[in-house]
Structures are given as structure tokens and as C-alpha cells.
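Have a look at the structure below, then the notes.
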Amino acid sequence: MTELVPTRKAYGEALARLGKENQNVVALDADLACSTKSIQFGKEFPERFINIGISEQDMMGTAAGLATCGKIPFASTFAVFSTARALDQVRNSICYPKLNVRIVGSHAGLLTGEDGASHQAIEDMAIMRALPNMSVFVPADSVETNSIMDFLVREFKGPAYLRLSRKGTPVLYDSNYRYKYGKGTILKEGTDLTLVACGSMVHIALQAAETLQKENISARVVNISTLKPLDTDLLVRCANETKGIVTVEDHNIIGGLAGAVAESLSELRPTKIKRVGVMDTYGESGKPNELYQKYGLTAEKIISKAKELL
Amino acid sequence: MMKTNDIKTLQQISCEVRKDVLNMTTKAQSGHPGGSLSATDIIVCLYCSVMEHDPAKMMDPDRDRFVLSKGHAAPVLYSILSRAGYFPKTELNNLRQVGGMLQGHPDMNKTPGVDMSTGSLGQGLSAANGMALAGKMDKKDYTVYCLIGDGESQEGQIWEAAMTAAHYKLDNVIAFVDNNNLQIDGSVSDVMGIEPVVDKWKAFGWHTFEVDAHNHSEILSTITQAKAIKGKPKMIIARSTKGKGVSFMENVCGFHGKTLDDAQLRDAVSELETNNSLGAEINAEEVSQ
Ligand SMILES: Cc1ncc(C[n+]2csc(CCOP(=O)(O)OP(=O)(O)O)c2C)c(N)n1
Ligand SMILES: [Mg+2]
């Protein structure tokens, strides 16, 4: 079995590493530093770490103020709280003024598991994607998380949302991989149809493609790690070169990856699209793999949707 | 901009700024005159006497900062910024016009001199804390000033920020409550009382002061005292009158977001001018001498 690494762990390590490199990196957390892994930065750079307490709205506003003074604040908490709880603050204090704040949502999706529906963000991508000026990053593994973190500290200017998960997922990229802003990557070539996935579902899409291969169905697998700006060129190519698209995400089927792909392709190059994701319902407590089974975030579900396209 | 401590001069500027506020909101037939007039004297004291700032070095990292958390009072800020030389005074004629630089609520990217975008109430104090934390990290000695409304004080985020400033001992934050006891739907005490407001801020770990929000010398001496206090953030509860300076607007809730018609504007301006002993138009250049 391949190594399983949670993207939040990669985040914590990258943040501490980049904190050494750039004095302007600061981190804020709302009493979840041990969970989001910002604690590692906090231990190494206590003078640049602000635990704001359980006050997500104040955290976003404080991060905005820091950004006006040239800091690069990473404000982390669970994805439900960084997006929904503090939405107006993210909108009006960060996004509208185009401030350099990195909003980090760990524990995204049903992969969060036992804590249950109150803690499983299934609408965060839809929310953040709808904000003008916001870029949305959804790394598929720890290597990509690390590379996106380099980008967020060294190059990117403007508001960003970084979506992370709690539980370990397989490492998909080799260590030479370099993330490119707004570019999706083809992880497996295929000619019959395309599986467009993001985050913790990318490795499951790859499994589905392997199974389909055994049945002589050639599925391409695309990782969309920048949900916004979306790689529409790549999606149009997939629509041209294969017979249809299955979107795959640990998120509501409304407004997230499926929404983004359907919106752009219906305008640019209409094609058949099937959606695998959370079926407009809240999750519940349970082991992550049990929840993935129960809510249809599985290779089997992807395969059956894929076959509907052919 | 050169600063002045001359009270007569500051009163004179306040009179001019109030006229600007009424002229620009009447011209736009839109905007918030009541809360702008109640905040005028505090903001005049800050920009004309207290703050280190310079339109020629707008992004100076060492400058003092001001966050107008009650962003609907933007017209006061615009008047004072234009008088200080951040942009031409003629821009005041384009308040709230499409394509203009003077938005309904402060926009730090569109308007030169605005330190933070605001408009959604309750958020400015957190941003001020962020600026103050950056100042501490960078060992700079600038001060961050912030003005919140008394109605705005009903927002939970204000009290989150109150805790943050005290916890991190942000003595480089000096904030004001524009305590005019009015909000949109009525008096603050009727809608959702905030008293005892001084005790609340004390209990949250702030050093508190009370001032008459329309007495320039009291405002200045209080800020001087506040700057000397270390280890705590400072809150100045400024007892103010909404619509201050125009008798038919004073304490009238309806003038929160309602502008004047031309006849009312004439009456208002003449009252402001009569009540100001000097009366004559002065501009920022004269102030700076
Ligand atoms: C979050 C939010 N809710 C509501 C409003 C609409 N609003 C604008 S001003 C205002 C009343 C403000 O009262 P106060 O803070 O006392 O201001 P002042 O009396 O100084 O004008 C309201 C409710 C807003 N701008 N932001
Ligand atoms: Mg009020």
C-alpha cells in the first residue's frame, strides 16, 4: 500500500519551512492549531503566530489588517468555519479589498469523519468560488500541497482559499512535481471519457479508471487543483477528445467542481456531464471510508456514472 | 500636511468639513449625513492634529493609520482626505457616482489615503488590531486609530476584537465609540442597549476615557493621555450628537441615511457658518502654515 499523508500535515510542514524563508509569513488560528497543523509554525515562530481564540470572524479581520501592512497571513481553522462562519469577513475585509490573505480550511468534506455533519464542509468550494478576486486551491496530495504553498508564499498576490483534508490520502505526485497556477494535470491518459476530480477524490478516480481499463474502457483522469481560475482550455480539450465527463468531488454536487465544470463547458463546448459527489445532503458521523461508501464517493459509483456516458 | 493644535483652526476646519459632507451628500442625493456629522470633530482632530501621515508618502510603512469601522461616515473621511491633499477636492462632487473614486463606503483600492475598506459594520476593529500586531512585529511605533458606532457595538465581532486587543496588549490601538445613541431603527437604548458601555470596555481589559465628541481640546488632550498609557488598548467613549451642528438634524434618527433638499442645505450651511465665529473658507494649505 502507498503511503497515506493528510494534506493538512503537508500544510503544517510547508508553513513552518516557508516561515524560515520569508519573515513576512504570519499564521493565525482559532484554537485549532493542533488540528490544522499550524501549531508547527507557532512553535518555531511564536512572535509571528497569533492564536485568536475561538473567534473566526475576528481572525479574518485581523488577518486583513496584517495584510495591509505587507504581511502574508495564513488564517486556518476547519473549512466550515473559515468559509461559512466568517463569510462576510472574508468577503468584505479580505476579498473585496484584494488583500493577500490565505484562508485555510482543513477538515473539508465527508473525509472529516467522526465529528459529523456540523464539521464536514461540503459547500465551502461553492461559497469561496463565488467571491470575486478569490482563487481556490484544492491539492490532491501532500506533494501538491507543498508545491501550492511555495506558490502562495513566493509568487501569488491576492486572496486565496486552500482546501485541506484531515485524513491521509495516497501520495500521487513524485517530489519533482511543480504546481502551475490555474492548470489542471492529466494523471492518466484516456480516450473514451474523462474523470475530472479534485482533492481527496483524485486517487479514487484513478482507481476507477484502472478498473474501467480492465473492461476496455479508456478513462482519462484530470486533477483540477485550482478550482478557480479553472483550466477551461484543458476541459475543452477533454470535451473534444472524449465522449463525456464525470466530475468527482468530496463536496456537494451543487456549486463546487461539478458546478464549475458544467458552467464553463455548457458555454464553451457542451458535452455530457455526470456528477459524483455529496448528493445535496449533510453527512453524519462515521469512519471516513464508511461515509465514502454510504454517500457514494466510491470508485464503483464513478464507474457506473462513466458507463452512463458511453 | 503640517499639523495644528490651534483649537479655533480645528473648529474652523470642522465647520468646512460639515459643509462638505452636506454639500456632497445633497448633490449625490444619497449617503449618511447624520453619523458623518457626529464623527466630524474626532476625525478632524486625528487628521489635522494627531496623526503622522503625508499624502506625498501615502504608503509609508511608518505612518499612523485610521480605520473608519462605521464606514457609512465615509463623506467625512473623503472631505478631510481631499483637504489634506490626497486627491482633488473636485472629486467630492462625484460621491457615489459610477466610475468615481468615492464609493458609498470606504474602498482602500479606489480612494487614495483610505487605510482599510469598510462598510459591513463590526469588522474595522479587527483590521485595526491586525495593523497594530504588524506594527509590534516590525517594531514600528505607529498608532492605529479606529472609530466604531454605538449601534455597531452590537456586533459580536467588536467584542471578539476587544478581547484580541487586550490579550495581545495592543497599546498602539486607540479607538473611539461615536456614542450618539442613535442607529437606524431608533435609539440605541431602545433597539439593543449597550450600557454600561464604559464598564464593558473596562471589563474587556481596555483603558477607557469619556469625552465630549464635539470639544476639540478635550479630544486632543484625551488622545495625548491615551498615547502615554502602555500595555493596554485604549477606548475613548465619545459622547456625541448625531447631526451635530445643524439644529433641525440634531438627534433626529431620520437623518441617518436621508439627505437634505436644496432649501434645507441652504439653511444648514448658513447655520453652520453663523455659528462659526471665523466663517471664512480655509483650505489645507492655510491650515498647514
Ligand atoms: C453588518 C451590517 N449590518 C447592517 C448594516 C446597515 N447599517 C448601516 S449604518 C447602520 C446603523 C449604524 O448605527 P451606528 O453604529 O450607531 O452608527 P451612527 O449612529 O454613528 O451613524 C446599519 C444598521 C451594515 N452596514 N452592516
Ligand atoms: Mg449611533
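When the dipole is taken about the Cα centre of the protein assembly as shown, and only Lys, Arg (+1) and Asp, Glu (-1) are charged at their Cβ, what size is it in debye, to the nearest 20? Write out the running numbers ahead of the final one.
Working: 64 positive and 71 negative charges, 298 e Å.
Here the protein assembly as shown has a charge dipole of around 1440 debye.
Could you compute the net charge surrounding A:M279? Neighbours are other residues with a C-beta less than 14 Å from the C-beta of A:M279; K and R count +1, D and E count -1.
Values: positive: A:K274, A:R275, A:K294, A:K301, A:K305; negative: A:E123, A:E249, A:D250, A:D280, A:E284.
So the surrounding residues net to 0.
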Violating pairs (Cα-Cα greater than 20 angstrom) within the set B:K200/B:K232; B:K89/B:K244; A:K20/A:K98; B:K27/B:K70; B:K3/B:K27: B:K89/B:K244; A:K20/A:K98; B:K27/B:K70; B:K3/B:K27
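With Cβ to Cβ distances under 15 Å as the rule, what net charge do the other residues near A:N22 carry (K, R +1; D, E -1)? Please list the in-between numbers first.
Numbers: positive: A:R17, A:K20, A:R48, A:K71, A:R102, A:R154, A:K157; negative: A:E21, A:E44, A:E47, A:D150, A:E155, B:D138.
In short, +1.
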Cα→Cβ-extended label distance, 7 Å offset, between A:N240 and A:M279, nm: 3.6
Across A:F78, A:F156, A:F41, the residue with the highest GNM fluctuation in chain A (Cα network, 10 Å cutoff) is A:F156
Span-like helices, chain B: DSSP H, alpha-carbon axial extent 18 Å or more, mean Kyte-Doolittle -0.5 or greater, which ones? B:7-28, B:33-45, B:124-137, B:216-228
Roughly speaking, to the nearest percent, how much of the protein assembly as shown's 1.4 Å accessible area is carbon and sulfur? 50
In Å², and per residue, what accessible area does the range B:7-288 have when probed at 1.4 Å with the other protein chains present? 36
Evaluate E = 1/(1 + (r/R0)^6) for B:D62 and A:N133, where r is the Cβ-Cβ distance and R0 equals 25 Å; express this FRET efficiency to the nearest 0.05. 0.35
Positive-end residue of A:A258, B:T90, B:N180, charge dipole of the protein assembly as shown with Cβ unit charges: A:A258
Pairwise centroid distance, computed over Cα atoms, of the range B:141-194 with the range A:241-310, Å: 46
Could you give the distance between the Cα centres of the range A:65-87 and the range A:104-170, to the whole Å? 12
With +1 on each Lys and Arg Cβ and -1 on each Asp and Glu Cβ, how big is the dipole of the range A:1-123 about its Cα centre, in debye rounded to the nearest 20? 400
Among A:A10, A:A117, A:F151, flag the residue with its Cα farthest along the positive direction of the charge dipole of chain A, charges on Cβ as +1 for Lys/Arg and -1 for Asp/Glu. A:F151
To make sure I understand the rule: partners must be lysines, Cα under 26 Å from the Cα of A:K214, and not fewer than 8 residues away in the same chain. Which ones qualify? A:K188, A:K243, A:K272, A:K274, A:K294, A:K301, A:K305, A:K307
Lys and Arg at +1, Asp and Glu at -1: add these up for the other residues within a Cβ distance under 10 Å of B:E210 and post the number. -1
At R0 = 35 Å the Cβ-Cβ FRET efficiency linking B:F248 and B:S221, nearest 0.05, sits at 0.65
Kirkwood hydrodynamic radius, computed over distinct alpha-carbon pairs, for chain A: how many Å, to one decimal? 19.1
Which order, highest average first, do B:180-190, A:190-200, A:122-132, B:137-147 follow once you tally other Cβ atoms within 10 Å for each residue and take the mean per peptide? A:190-200, A:122-132, B:137-147, B:180-190
Set Lys and Arg Cβ to +1 and Asp and Glu Cβ to -1, take the dipole of chain B about its Cα centre, and tell me which of B:I42, B:G257, B:H32 lies farthest positive. B:I42
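Before we go on, tell me the buried accessible area for the A/B pair, both chains summed, 1.4 Å probe, in Å² to the nearest 100.
Numbers: alone 12190 and 11930 Å², together 22150 Å².
The summed interface area works out to 2000 Å².
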Taking the Cα-to-Cβ direction at B:M163 and at A:I54 and moving 7 Å from each Cα, how far apart do the two end points lie in nm? 0.9
If each Cα of the range B:7-288 is one equal point scatterer, what is log10 of I(q)/I(0) from the Debye formula at q = 0.07, 0.09, 0.10, 0.16 Å⁻¹? -0.22, -0.37, -0.47, -1.28
Taking only Cα atoms, what is the 0 to 90° angle, nearest 10, from helix A:232-241's long axis to the longest principal axis of chain A? 10
Ignoring everything except DSSP H segments at least 4 long, calculate the 222 nm mean residue ellipticity for the protein assembly as shown; use -39,500 (n - 2.57) per segment, divide by total residues, nearest 500. -11500 deg cm²/dmol
Per-residue counts of other Cβ atoms within 10 Å, averaged by peptide: what ranking do you get for A:296-308, A:48-60, highest first? A:48-60, A:296-308
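Between B:M192 and A:T191, what FRET efficiency follows from the Cβ-Cβ distance if R0 is 60 Å, with the result rounded to 0.05?
Details: r = 64 Å, r/R0 = 1.07.
With a Förster radius of 60 Å, E is 0.40.
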Taking the Cα centre of each part, how many Å lie between the range B:203-245 and the range B:55-130? 22
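The values are calculated or read from the model by the stated rules, or taken from the named source; none is laboratory data. Model, not experiment: these values are computed from the prediction. Glycine gets a Cβ as well: all are built from the backbone with ideal geometry, and neighbour counts include every protein chain shown. Remember, those area values only see protein heavy atoms, side chains included, never the ligands or the DNA or RNA. Shrake-Rupley method; radii C 1.70, N 1.55, O 1.52, S 1.80 Å.
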